[in-house]
Amino acid sequence: MAKHKDDDEKSYSGSDVAHPLERIARLTRAAEHGDQLNPAQRETLRYLAKCNRFSNSPGALTQYLGATKGTVSQTVKALERKGHIAKSERAGERQPCRSRRAPPRNPR
């Protein structure tokens, strides 16, 4: 009986593929902490960089992140302390909006 090329190839299970991908994802996330931002802070900055003037409110950010109001509030406060974002008032609106600023420079 003739041997097919496919007979010598190893078949892989889903876990054989998933484990290395999960490991790569963990290493990538760990490397992202080098800028002193946690994942929620990083996602907040990404959102603020691409949202428009109508969607840069705390409520819109809460919905986008799928987080609680408290988590978003603390995340925004931390980013304000670090100088990454600033509050600005909008005429006729109760909630202030946030705008992204360039990250602070590291003192030498």
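Of all residues in segment 25-46, which are of a type in the set (A, V, I, L, M) and not in a helix (DSSP H, G or I)? Please lay out each step first, then the result.
Of the residues in segment 25-46, the ones of a type in the set (A, V, I, L, M) are 25, 27, 30-31, 37, 40, 45.
Answer for segment 25-46, where residues must be of a type in the set (A, V, I, L, M) and not in a helix (DSSP H, G or I): just 37.
Results for (1) out of contact with any Lys or Arg (no Cβ under 9 Å at 6 or more places or on another chain); (2) of a type in the set (S, T, N, Q), shown as yes or no for each residue.
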{"position": "40", "(1), (2)": "yes, no"}
{"position": "45", "(1), (2)": "no, no"}
{"position": "51", "(1), (2)": "yes, no"}
{"position": "54", "(1), (2)": "yes, no"}
{"position": "62", "(1), (2)": "no, yes"}
{"position": "69", "(1), (2)": "yes, no"}
{"position": "73", "(1), (2)": "yes, yes"}
{"position": "77", "(1), (2)": "yes, no"}
{"position": "86", "(1), (2)": "no, no"}
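Based on what the data block shows, is residue 22 assigned to a helix (DSSP H, G or I), at pLDDT 90 or above and acidic (Asp, Glu)?
On the way: assigned to a helix (DSSP H, G or I): yes; at pLDDT 90 or above: yes; acidic (Asp, Glu): yes.
Yes.
Specify which of the listed residues (78, 49, 2) is at pLDDT below 90 and in a helix (DSSP H, G or I). First the steps, then the outcome.
Working: 78 fails: at pLDDT below 90; 2 fails: in a helix (DSSP H, G or I).
The match here is 49.
Out of all the residues in segment 40-56, which are surrounded by 11 or more Cβ atoms within 10 Å (Cβ to Cβ) and not small (Gly, Ala, Ser)? Talk me through it step by step, then tell me what you get.
In the first step, residues of segment 40-56 are kept if they are surrounded by 11 or more Cβ atoms within 10 Å (Cβ to Cβ); the result is 40-48, 51, 55-56.
Passing the criteria: 41, 42, 43, 44, 45, 46, 47, 48, 51, 56.
Kindly indicate the residue of segment 52-73 that is part of a helix (DSSP H, G or I) and without any contact (Cβ under 8 Å) to a residue 12 or more places away in the chain and also farthest from residue 86 (Cα to Cα) among those meeting that condition.
Looking only at segment 52-73, we keep the residues that are part of a helix (DSSP H, G or I), and these are 58-65, 69-73.
Adding the requirement that they be without any contact (Cβ under 8 Å) to a residue 12 or more places away in the chain leaves 60, 62-63, 69-70.
On the way: 60: 17, 62: 17, 63: 20, 69: 18, 70: 18 Å.
Here the answer is 63.
The values are calculated or read from the model by the stated rules, or taken from the named source; none is laboratory data. Everything quoted here is computed from the prediction, not taken from an experiment. All Cβ positions, even for glycine, are placed from backbone atoms using ideal geometry, and neighbour counts span all protein chains on display.
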